[in-house]
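> This structure is in structure tokens; I'll ask about it shortly.
The values are calculated or read from the model by the stated rules, or taken from the named source; none is laboratory data. Note that this is a predicted model, so its numbers are computed, not measured. Here the Cβ positions follow ideal geometry from the backbone for every residue, glycine too, while neighbour counts run over all protein chains shown. Heavy atoms of the whole protein, side chains included, go into the accessibility calculation; ligands, DNA and RNA do not. Shrake-Rupley method; radii C 1.70, N 1.55, O 1.52, S 1.80 Å.
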Amino acid sequence: TVGGEIVADGLKVSAYPNPYNDIVKFSIQSNVSGQAQLAVYNTLGQKVNTVYSGYIQANRSQVVEYRVPTPSPGNLIYILKIGGKQVTGKLLKMDK
């Protein structure tokens with residue numbers, strides 16, 4: 001979902017702004033507590049960066065700011081994993 005929320009199995013992630021320029025903020029919510037990992041990948045499936053790795057408290061919003069490396073890798077895919085669940089979304093590069 002471009003610019004919206006991705007929801008699956010009690011996990012919710014929203015990324016803004018989307019399309020992005022140089023900084024993206026991810027808002028993460030989960031209905032379970034546990035170790036989480038949020039990573040971004042390029043469109044070839046290669047990991048660009050781990051945006052967040054740590055503990056997520058159930059039913060609390062966690063905001064993570066990500067500074068996109070330069071030169072920009074273009075469109076990105078993000079994957080949040082926690083407790084055996086995962087959700088995936090797309091980040092679109094803003095055209096200048």
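> Which percent of the accessible area of the chain is formed by carbon and sulfur heavy atoms (probe 1.4 angstrom)? Mind showing how you got there, number by number?
Details: 2520 of 5390 Å².
Taking all protein chains in place, the chain shows 47 percent carbon and sulfur surface.
> Once amide H atoms are placed 1.01 Å from N in the peptide plane, what residues at a sequence separation of 5 or more from V32, or on another chain, have their amide H within under 5 Å of its amide H?
N59
> Now for a separate question. Taking amide hydrogens as modeled 1.01 Å from N in the peptide plane, which residues meet the under 5 Å criterion relative to L91, leaving out close sequence neighbours?
L76, I77, Y78
> Using a cut-off of 14 Å between beta-carbons, work out the net charge of the residues near T88 (Lys and Arg +1, Asp and Glu -1, T88 not included).
+3
> What accessible area per residue, rounded to a whole number of Å², is obtained for the chain using a probe radius of 1.4 Å?
56 Å²
> Between I77 and Q37, what is 0.36 nm times their sequence separation minus the Cα-Cα distance? Round to one decimal in nm.
Working: separation 40, 0.36 × 40 = 14.40 nm, distance 1.38 nm.
Value of the extension gain: 13.0 nm.
> Please report the net charge: other residues with Cβ closer than 10 Å to the Cβ of L76, K and R +1, D and E -1. If you can, show how the numbers build up before the last one.
On the way: positive: K90, K93; negative: none.
With Lys, Arg at +1 and Asp, Glu at -1, the neighbours total +2.
> I need the Kirkwood Rh of the chain: take the reciprocal of the average 1/r across all distinct C-alpha pairs and report it in angstrom.
Working: mean 1/r = 0.0755 Å⁻¹.
When all Cα pairs of the chain are included, the Kirkwood radius is 13.2 Å.
> Tell me, what ³J(HN,Hα) does each residue in segment 73-90 have, in order and in whole Hz, if you take phi through Karplus 6.51 cos²θ - 1.76 cosθ + 1.60 with θ = phi - 60° and put x for Gly and Pro?
Listing the rounded values in order: x, x, 5, 10, 10, 10, 10, 10, 10, 7, x, x, 10, 8, 9, 10, x, 10 Hz.
> Another question, then. So how strong a dipole does the chain carry about its Cα centre when Lys and Arg Cβ are +1 and Asp and Glu Cβ are -1, to the nearest 20 debye?
On the way: 10 positive and 5 negative charges, 17 e Å.
Using Cβ point charges on Lys, Arg, Asp and Glu, the chain gives about 80 debye.
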